[in-house]
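J.: Attaching a single structure in structure tokens format; questions to follow.
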Amino acid sequence: MADKILVVDDEKEIADLVALYLENENFTVFKFYTAREALACIREETLDLAILDVMLPETDGLQICRKIREEHCYPIIMLTAKGEETDKITGLTLGADDYVTKPFLPLELVARVKAQLRRYKRYNAGEEEKEDVLVHRGLVLNVRTHECTLNEKPLSLTPTEFSILRILCQKRGTVVSSEELFHQIWGNEYFSKNNNTITVHIRHLREKMGDSFEEPKYIKTVWGCGYKIEV
């Protein structure tokens, strides 16, 4: 069955172009030019990934992202205007997994879509993992079901957040650099990103876990090196 992808952009030419490239890769595309239509689709369809333009009339893409994250954990890719770093950071904080800056190459976007879907499906299938369940100081990650709890309370994590936490837990006691996190998360689809992306996801993880930057119980920053979870 073809993966179902939501595409939302009020610039008709961009939405049509993205939809065309995705359909050529045999994806099922739900294409909309307004937030209202997109929100209705989110309620009615079982989706596998969403591509959201930040700048939309009435309700913007960031609010759609927030709405999706209230009930769903499938990947979200944000489309942002050139130089809008604030939008990128806000989107990542709200639960987006990746962003693409306009103007962009359609083939790059398609590659990122495939990378996000592979990673998301791998988590849910529990493939290529030595441990199905990772446990550390009250933190429990079920790789097979993509569920996470902290002190028996559920944590709602995006696929990217779950990936970062999984890698750090699997390598607890070892410093993992931002570059290594990038490589393990995005693999060969590693494009022009910067350390700020990982930093934002780490910050969001700490907020959800109630962890402190100054006196971390879980994720520790090792200056100039990366991040680690103590044994």
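FYI, it's all coordinate maths here, none of it is from the lab. Model, not experiment: these values are computed from the prediction. So basically every Cβ, Gly included, is an ideal-geometry build from the backbone, and we count neighbours across all protein chains shown.
J.: How would Ile164, Ile14 line up from fewest to most surrounding beta-carbon atoms within 10 angstrom?
T.: Values: Ile164 23, Ile14 18.
With the sparsest Cβ surroundings first, the list reads Ile14, Ile164.
J.: Next question, about the same structure. Evaluate Rg over Rh across the stretch 1-127, taking Cα atoms for both radii and Kirkwood's formula for Rh.
T.: Using Cα coordinates only, the ratio equals 0.93.
J.: Please go through the stretch 97-186 and write out the GluC sites (Glu not before Pro) that DSSP classes as loop and that have at most 16 other C-beta atoms within 10 Å.
T.: Listed in order of number, the matching sites are Glu127, Glu128, Glu129, Glu131, Glu152.
J.: Right, here's the next one. Run the quick spin-label model on Ser177 and Asn26: label points 7 Å from Cα toward the beta carbon, then report their separation in nm to one decimal.
T.: 3.8
J.: A further question follows. Are there any helices in the chain, counted as whole DSSP H runs, that stretch 15 Å or more along their axis by Cα and score at least 0.5 on average by Kyte-Doolittle, and if so which?
T.: Working: long enough: 12-24 (18 Å, 0.35); 106-125 (28 Å, -0.77); 159-170 (16 Å, 0.61); 195-209 (21 Å, -0.82).
For the chain, where a helix must reach 15 Å along its axis and average at least 0.5, the hits are 159-170.
J.: Here is a follow-up. If you average 1/r over every pair of different alpha-carbon atoms in the chain and take one over that average, what Kirkwood value in Å do you get? Mind showing how you got there, number by number?
T.: Numbers: mean 1/r = 0.0551 Å⁻¹.
Result for the chain, one decimal place: 18.1 Å.
J.: Expressed as a whole percent, how much of the Cα-Cα distance distribution for the stretch 126-229 exceeds 22 Å?
T.: Above the 22 Å cut-off, the stretch 126-229 has 25 percent of its Cα pairs.
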